[in-house]
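All remarks here apply to the structure that follows.
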Amino acid sequence: MPRGDLYNFLKIRDAIDSVAEKVNLIGVVLECGFPRKTKGTDWFCSVRIIDETHQDPGLPVNVFTQTRNQLPRILSVGDIIQFQRVLMKIHDDKINAVFYKKYSSFAIYEGRDGRNLVPYQTYETFREKDLDKNFVIDLRRWLQNFQFDEGANYFSFIREINGGESFNLVCKIIHIHEGAGNEWMAFVWDGTDAPPSNILQKLEDEMHHPLPLHLESLPLPRDTLCSFPSVGTVLRVVSQDIENDNLRLLKTGEWVKLLNLLCEVHAGLWRCVLTPFTKLRYTPNEDRLKLERQRLYDERLSRSPQSLRRMPFWSLPWPSQVTEVDGDDDDDHVIFLTLMDVLTSSEVTASFKCVVRVVAAFPWQAKDFCFPAGIDRIRLTLEDSTARIHAFLYAEDGVKFFDGQSFVKALESKLNALLGVIADNDGEQNDTRRNPPWVQVCLKSQSEKLGSRHYRIFGTKLVA
């Protein structure tokens, strides 16, 4: 029978040797991209499939259709897809299959844990055959013990990201946020801390353009924050030129592999971008890289001494000596908490010790601190690897913070050390890039009107 016959499936290994022929294939979706418009009138998406004969790197199938709704709408990476009459081609010395809207067709079935043998999506010209069910059953059985062997170096940790670069990430979807208009954002986590970024803003900019506390247009509800891990960076992921209904593959609580994410820094906060070239890869529950990240996180929370467990990774082995805090002088018994611990604490009125960076101050000039009558109010913007908050200095707590200093030049010097400012001989900031040091602070939360919480700094002295 000719290889293009509708009743003859080829294994992927054999299809690779069938360049320039139309073939029928069935395989597991290893990874898939997001739909995008071609330069012409068609729509396009790419699907990479595997079977028991060929897993690495899998076979790319490039699908072209007249409308977006005709493209494969894969519900979960790891589902099973069959293609009828796709053309095997070579492009840039790599073999791929091409789906042509005029004579090709497809059907998609649930993956490993599926029970239904009826496809949940078919192309309009698809012709179902009795033998299809047997192929689906065989692939589901094979998937039960399948473990894709991919190098650990192929995927980065969140702690390894760099602005302006693309990277691959294994992560857990913590939350999906859909706001007003077309706002969409995913919150992802792998248990590690994103590196601290330089603050590219002058101190005086805080008056009219303060550093944001978050990238989403409105703060998340507290019950949502309480579902976030309190250790490790929860990274914001936004979409670029991707319609929101195409993001259904990202499901809260699941681990995914995201390929070709673009990393950016906005106002000192990290975010990643899903582009039309981003792909999702199959991540089973027993995935080795997923289990490795869970193991490393568990080890982090059980390491000794206990004081190191929740400290930002980038502040180790110990924060700077720029500040001192009241309390136990035995470093091994100091219990530091993250800012996410602070935000999600069940106690409205509580005290915390944290290791943070102070990235902004308002007012930003020492002459406005209301000395010698005492400090009226100073707003500091604090951040660690989990969150960014405003905390305030008042009255005697402010006097203690600046060690009783009232001389403006001395105050400016201390404040510059705290904020990572490099100043010239005249005290002027000569570089907008700032890298504030990690410092210890004591925080107290209090209730405000309408149920919101307010944070103030106490028991902390700036000694730099």
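The values are calculated or read from the model by the stated rules, or taken from the named source; none is laboratory data. Because the structure is predicted, anything quoted here is derived from the model rather than measured. Every residue, glycine among them, receives a Cβ derived from its backbone with ideal geometry; neighbour counts consider all protein chains shown. These accessible areas exclude ligands, DNA and RNA; they are computed on the full protein's heavy atoms, side chains included. Shrake-Rupley method; radii C 1.70, N 1.55, O 1.52, S 1.80 Å.
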If amide hydrogens are placed 1.01 Å from N in the peptide plane, which non-local residues have theirs closer than 5 Å to the one on I49?
L30, L59, V61
Per the 1.4 Å probe, what fraction of the accessible area of the chain, in percent, lies on carbon and sulfur atoms?
48
Can you give the local net charge around G451? Use residues other than it whose beta-carbon is closer than 13 angstrom to its beta-carbon, Lys and Arg +1, Asp and Glu -1.
+1
Ordering Y100, Y394, Y109 by accessible area with a probe of 1.4 Å, largest first, what comes out?
Y100, Y394, Y109
Which aspartates and glutamates does K257 reach when only Cα atoms under 13 Å apart count, and residues fewer than 8 places away in its own chain are ignored?
E31, E150, D190, D287
Charged-residue dipole, Cβ positions (Lys, Arg, Asp, Glu), the chain about Cα centre, Debye nearest 20
1340
Computed from every Cα-Cα pair in the range 126-177, P(r) in 5 Å bins starting at 0 and rounded to whole percents is 4, 12, 13, 12, 13, 11, 11, 12, 7, 3, 0
Rounded to the nearest 20 debye, dipole of the range 55-129 from Cβ charges on Lys, Arg, Asp, Glu:
320
Report, to the nearest 10°, how far helix 288-300 tilts away from the longest principal axis of the Cα atoms in the chain, using its own Cα long axis and a range of 0 to 90°.
20
Over the alpha-carbon set of the range 201-312, divide Rg by the Kirkwood Rh and report the Rg/Rh ratio to two decimals.
1.01
Could you work out the relative contact order of the range 180-322? I mean the mean sequence separation of Cα pairs under 8 Å and 6+ apart, divided by the number of residues, in percent.
29
Taking K461 as the anchor, which lysines have their alpha carbon closer than 30 Å to its alpha carbon, excluding any fewer than eight residues away along the same chain?
K202, K353, K367, K400, K409, K414, K444, K449
Per residue of the chain, what 222 nm ellipticity follows from adding -39500 (n - 2.57) for every DSSP H run with n ≥ 4, rounded to the nearest 500?
-3500 deg cm²/dmol
Projected area of the chain, taken from the Cα convex hull and averaged over every viewing direction, in nm²?
26.4
From zero up to wherever the largest Cα-Cα distance of the range 246-345 sits, split into 5 Å bins and tell me the percent of pairs in each.
2, 9, 13, 16, 17, 16, 13, 8, 5, 3, 0
Taking the alpha carbon gyration tensor of the range 1-152, what are the square roots of 5 times its eigenvalues, largest first, to the nearest whole Å?
21, 18, 17
Once phi is turned into ³J(HN,Hα) by the Karplus curve 6.51 cos²θ - 1.76 cosθ + 1.60 with θ = phi - 60°, what whole-Hz value does each residue of the range 182-187 show in order, with x for glycine and proline?
10, 5, 9, 8, 9, 10
Per residue, what volume in Å³ does the Cα convex hull of the range 147-281 take up?
132
With the calculation restricted to Cα positions, what are the radius of gyration and Dmax of the range 159-239 in angstrom?
14.4, 39
On a 0 to 90° scale, report how tilted helix 132-143 is relative to the longest principal axis of the chain, with both axes built from alpha carbons and the result rounded to the nearest 10.
40
Mean accessible surface per residue for the chain, computed with a 1.4 Å probe while every protein chain stays in place, in Å²
47
